[in-house]
Ligand SMILES: Nc1nc(=O)c2c([nH]1)NC[C@@H]1CN(c3ccc(C(=O)N[C@@H](CCC(=O)O)C(=O)O)cc3)CN21
Ligand SMILES: O=c1ccn([C@H]2C[C@H](O)[C@@H](COP(=O)(O)O)O2)c(=O)[nH]1
């Protein structure tokens, strides 16, 4: 079910059949609406192989989300620069993903830790149909450096397997989406481990799935390559969901084609 090549097929479909659209950044895109990718995480770890993906950056970003931070400083300290363009002079992004996940404001001064609540529900009521974490805080969108792209995920447990579906409203298919798929795959593994469950499926659902006009050559290069088998993940058990470190996370057997550089649309 985790077919290496499914992502590349979607990339090809957008490149060939996408509608030409303008966008906020001024770069312009080709785009298709409403697509889905599904990976069986018990088989392999979905890290795209048709170019080398910056795994160290993905790990740093996910741990940074889980830490609840609104500042890029912890990323800079690890030499990860993927959020630099959106931060202000103090390195602040406003109430973005981490803040909403860990300290969604109630309005009375108190906050809600959606991740702690999710772990609690996974342990006590895994059949719940309400295991949702969302970053789409409508009241705070205009304080965020960038409105959340992956704005909601739902967790599901059946047959002792934890599955995760993420909804991404806006999908930079060349630069962002390989990050987003790997990041939520890793999160699913961490949640399953903490809840003493096996991993099930990752379902990635994309809204506006686009290729920027200045990524067209890079996409052509990538699509000329043959997808390779996915690697696997080894994850040390941490004391709790907030205590993982990069050293706990090892991807085994990743043998990608070379990296492909591309400008990020700001
Ligand atoms: N246009 C756009 N696309 C995105 O994917 C994106 C945004 N904006 N804004 C917020 C975050 C930042 N993300 C980013 C930003 C940059 C890269 C990037 O440049 N990746 C390079 C490697 C970078 C490096 O090695 O430092 C790549 O080749 O994947 C990836 C994700 C994802 N998001
Ligand atoms: O995790 C991420 C974060 C951002 N993106 C992309 C999707 C769009 O290309 C831009 C956001 O621009 P909007 O005008 O706010 O839609 O960033 C991504 O793919 N993944």
- Item | Residue check for residue 74: more than 16 Å from ligand 1 (Cβ to nearest atom) and more than 25 Å from residue 7 (Cα to Cα) | no
- Identify, by number, the condition in (1) on the phi < 0 side of the Ramachandran plot; (2) within 13 Å of ligand 2 (Cβ to nearest atom); (3) touching a residue at least 24 places away in the same chain (Cβ under 8 Å) that residue 22 doesn't meet. (3)
- Which listed residue, of 259, 200, is surrounded by fewer than 19 Cβ atoms within 10 Å (Cβ to Cβ), on the phi < 0 side of the Ramachandran plot and modelled with pLDDT of 95 or more: 259
- Query: Which condition number does residue 148 fail, the rest of (1) touching a strand residue (DSSP E or B) at 6+ places or on another chain (Cβ under 6 Å); (2) surrounded by 16 or more Cβ atoms within 10 Å (Cβ to Cβ) being met?
  - Reply: (1)
- Restricting to the stretch 118-131, what's the tally of residues that are touching a strand residue (DSSP E or B) at 6+ places or on another chain (Cβ under 9 Å) and under 16 Å from residue 190 (Cα atoms)? 5
- Query: Just to be sure, is residue 41 closer than 24 Å to residue 221 by Cα, buried (at least 17 other Cβ atoms within 10 Å of the Cβ) and touching a strand residue (DSSP E or B) at 6+ places or on another chain (Cβ under 9 Å)?
  - Reply: no
- Message: Can you pull out every residue in the stretch 84-105 that is touching a residue at least 24 places away in the same chain (Cβ under 8 Å) and within 16 Å of ligand 2 (Cβ to nearest atom)?
- Response: 85, 86, 87, 93, 94, 95, 96, 97, 98, 99, 100, 101
- Item | Among (1) farther than 25 Å from residue 200 by Cβ; (2) within 16 Å of ligand 1 (Cβ to nearest atom); (3) in contact with a helix residue (DSSP H, G or I) (Cβ under 6 Å, 6 or more places away or on another chain), the one test that residue 57 misses | (3)
- Has the stretch 204-214 got at least one residue that is closer than 23 Å to residue 243 by Cβ and more than 9 Å from ligand 2 (Cβ to nearest atom)? no
- Within the stretch 166-179, of all residues that are out of contact with any helix residue (DSSP H, G or I) (no Cβ under 9 Å at 6 or more places or on another chain) and within 11 Å of residue 205 (Cβ to Cβ), the one farthest from ligand 1 (Cβ to nearest atom) is 167
- Task: For the stretch 54-83, name all the residues that are within 15 Å of ligand 2 (Cβ to nearest atom) and surrounded by fewer than 18 Cβ atoms within 10 Å (Cβ to Cβ).
- Result: 54, 81, 82
- Message: Condition first: touching a helix residue (DSSP H, G or I) at 6+ places or on another chain (Cβ under 6 Å) and farther than 28 Å from residue 148 by Cβ. Can you find one or more residues in the stretch 244-255 that meet it?
- Response: no
- Given the stretch 67-136, what helices (runs of 4 or more DSSP H) lie entirely inside it while holding 2 or more residues that are over 21 Å from residue 150 (Cβ atoms)? 73-76, 114-124
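The values are calculated or read from the model by the stated rules, or taken from the named source; none is laboratory data. Only a predicted model underlies this, so the values are computations on that prediction, with no experimental measurement involved. Cβ sites come from the backbone with ideal geometry, for glycine too, and all protein chains shown count toward neighbours.
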